[in-house]
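Chemist: Please read through the structure below; I'll follow up with questions.
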Amino acid sequence: MKRRGIGIMSGTSLDGIDVVMADIEGNFTGTSMEILCSTTVPFEKNLEKRLRSMIEKKTAALNEICSINVELGEAFAAACVRLCEIAGIALDSVDFVASHGQTLYHIGDEKEGVPSTLQIGESAVIANRLKKTVVANFRAADVAQGGQGAPLVPYADFVLFAHEGRDIALHNLGGISNLTVVPGSNRLDDVLAFDTGPANMMIDQAMGMLYGKPYDNDGAHAAKGMMIDTLMGALMHHPYLLQKPPKSTGRELFGDDATRRIITPYLENHYPDDIIRTLTMFTACSIRDAYEQYVFPYYDIKEILFSGGGASNRFLMETLKTMMPSVRVKTFDKNGIDKDNKEAAAFIILANETLSGLPSNVTRATGAKQAVILGTIHHYFDEKETL
Ligand SMILES: Nc1ncnc2c1ncn2[C@@H]1O[C@H](COP(=O)(O)OP(=O)(O)O)[C@@H](O)[C@H]1O
Ligand SMILES: [Mg+2]
């Protein structure tokens, strides 16, 4: 059955709401997908500020959480409307919406509480504004089976690349850096996926502190700076890098507070660009080390396809090319799925499985005890059509 879906994604960078529309047909490795349009809609400034503040401070009043869940639902719905307007495609032609939501908190470590994860952006609001079936809350079922609820994109990577019959790596550089290895064996159980550490998160925070800018455009500041060896040494000893996969991370370890704490001792005696360069080199080195330790010895990787905003950081991409000379480092581009819409497109693939009653977690990547159907389906009741 052919369906038209809109995928909505808002990652840890809080840089905007990514929306993509696609026609999708078939399931699992028999899926075919045609991208129709995509865009990123910035958050309304005040909403972004409040979200960022509660996520960073790890605390908020209950009424604020209650309210922002609905406000985000409205923002997600408005982003879908905007996408249809830009593309000149009628919202009426859309069958379903797949909404990842905004992660408010993720508990992976039992010391902190019961392992759990919370994505907000009320699906009932999206369903009723757009008059569509909405699939949301993708991570909860995997967590209920003892998984981390993350990463979920590897299933979509497998669907898109399994037929190639060769080992290939897909790498997303969002706030966090994560990789998927799709095996040439064509077996979902052989997929390897984990977070290598930060991608842009620490660089963005340092750019805000040092220059009042949201990110290092093209990596221009990093390109001008000199690496600070002592800071680099300290960063490369971060305990997260020593953990074995499967592993996932977020703002808890590499967010604004952590970045501030790590770089503050170096501010007095070093140029701002040296800090930016060192943080960018940390992203690159932690990625290279992850491949050298956990990927290259076990898979025959000739090509890594990079997506996410970090793939637009020219200095970072050039550094990765130099550091991993045995592989082709490329920017993701496949059948209209590009570096900027890939994650949102992945959720269309996951929702399509959910609507077909099929599971779509990769248990080896999430650690779940068994396969589960991901997501909560919110139906829309059209009173006029029914009467
Ligand atoms: N031209 C650019 N140069 C350098 N970095 C960029 C550029 N464009 C985007 N970025 C980085 O990408 C980030 C957004 O990436 P994205 O994939 O949307 O991450 P997330 O999924 O966490 O929202 C920005 O915060 C910024 O750090
Ligand atoms: Mg983003």
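Chemist: Could you give me the ³J(HN,Hα) list for region 68-81, computed from phi with Karplus coefficients 6.51, -1.76, 1.60 and θ = phi - 60°, whole Hz, x at Gly and Pro?
Modeler: 5, 4, 6, 4, 5, x, 5, 5, 5, 4, 5, 5, 5, 4
Chemist: Show the residues, 5+ positions off or on another chain, whose built amide H is closer than 5 Å to the amide H of residue 119.
Modeler: Long-range HN contacts for residue 119: 104.
Chemist: Please work out how much accessible surface residue 244 shows to a 1.4 Å probe, ignoring ligands, DNA and RNA, in Å² rounded to 10.
Modeler: Its accessible surface works out to 150 Å², give or take rounding.
Chemist: Please calculate how many Å² of accessible area the chain carries per residue, with a 1.4 Å probe and no DNA, RNA or ligand atoms counted.
Modeler: For the chain, the per-residue accessible area is 43 Å².
Chemist: Nearest 10 degrees, 0 to 90: what angle lies between the long axis of helix 342-355 and the longest principal axis of the chain (Cα atoms)?
Modeler: Taking the Cα atoms of the chain, the angle to 342-355 is about 40 degrees.
Chemist: Note down the accessible area of residue 333, probe 1.4 Å, to the nearest 10 Å².
Modeler: Taking all protein chains as shown, residue 333 has close to 120 Å².
Chemist: If you don't mind, another one. Whose amide H sits under 5 Å from the amide H of residue 133, counting only residues 5 or more places off or on another chain, with H placed in the peptide plane?
Modeler: The list, which skips near neighbours in sequence, is 97, 380.
Chemist: Can you send over the solvent-accessible area of residue 213, 1.4 Å probe, protein chains only, in Å² to the nearest 10?
Modeler: Accessible area, nearest 10 Å²: 90 Å².
Chemist: If you don't mind, there's one more thing I want to ask. Assuming 0.36 nm per residue, please report the length gained on full extension of the stretch residue 370 to residue 237 beyond their Cα-Cα distance.
Modeler: Roughly 44.5 nm would be gained on extension.
Chemist: Just for the Cα atoms in the chain, what are the lengths along the principal axes, largest first, rounded to whole Å?
Modeler: Projected onto its principal axes, the Cα set of the chain covers 73, 49, 44 Å.
Chemist: Quick check: at a probe of 1.4 Å, how many percent of the accessible area of the chain sits on carbon and sulfur atoms?
Modeler: That fraction is 52 percent.
Chemist: For a quick check, take a GNM of the chain with Cα springs below 10 Å and name the residue from 35, 107, 275 with the largest mean-square fluctuation.
Modeler: Maximum among the listed residues: 107.
Chemist: Helix 272-290 against the longest principal axis of the chain: what's the angle in degrees, Cα atoms only, rounded to the nearest 10?
Modeler: 70
Chemist: If you don't mind, there's one more thing I want to ask. Tell me, rounded to the nearest percent, the portion of alpha carbon pairs in region 164-337 spaced more than 30 Å apart.
Modeler: Cα-Cα pairs in region 164-337 separated by more than 30 Å: 16 percent.
Chemist: Rounded to two decimals, what is Rg over Rh for region 96-175 when you use alpha-carbon atoms and the Kirkwood radius?
Modeler: 1.04
Chemist: Moving on. What fraction of the DSSP beta bridges in the chain is antiparallel, stated in percent and rounded to the nearest 5?
Modeler: Here the share of antiparallel DSSP bridges comes out near 70 percent.
Chemist: Kindly write out, for region 331-339 in residue order, the coupling ³J(HN,Hα) from the Karplus curve 6.51 cos²θ - 1.76 cosθ + 1.60 (θ = phi - 60°), rounded to whole Hz, with x marking Gly and Pro.
Modeler: 8, 4, 6, 8, 6, x, 7, 10, 4
Chemist: Rank 29, 196, 39 by accessible area, highest first, at a 1.4 Å probe radius?
Modeler: 29, 39, 196
Chemist: Right, here's the next one. What angle do you read, to the nearest 10 degrees and between 0 and 90, between the alpha-carbon axis of helix 314-323 and the longest principal axis of the chain?
Modeler: Its long axis makes an angle of about 70 degrees.
Chemist: Next question, about the same structure. Taking every DSSP beta bridge with both residues inside region 164-337, roughly what % is antiparallel (nearest 5)?
Modeler: If we restrict to bridges inside region 164-337, about 60 percent are antiparallel.
Chemist: Cα-based Rg (one decimal) and Dmax (whole number) for region 31-112, in Å?
Modeler: When restricted to Cα atoms, region 31-112 yields Rg and Dmax of 16.2, 50 Å.
Chemist: Over 19 Å between Cα atoms, which of 302/334; 58/369; 247/330; 247/369; 45/213 qualify?
Modeler: 58/369; 247/330, as the Cα separations exceed 19 Å there.
Chemist: Determine ³J(HN,Hα), in whole Hz, for all residues of region 118-133 in sequence, where each value follows from phi through the Karplus function 6.51 cos²θ - 1.76 cosθ + 1.60 and θ = phi - 60°; x replaces Gly and Pro.
Modeler: Working through the residues one at a time gives 10, 10, 10, x, 3, 5, 5, 5, 4, 4, 7, 5, 8, 6, 9, 6 Hz.
The values are calculated or read from the model by the stated rules, or taken from the named source; none is laboratory data. A quick note: this is a predicted structure, and the numbers were derived from the prediction, not measured. Ligands, DNA and RNA are excluded from the accessible area calculation, which covers all protein heavy atoms including side chains. Shrake-Rupley method; radii C 1.70, N 1.55, O 1.52, S 1.80 Å.
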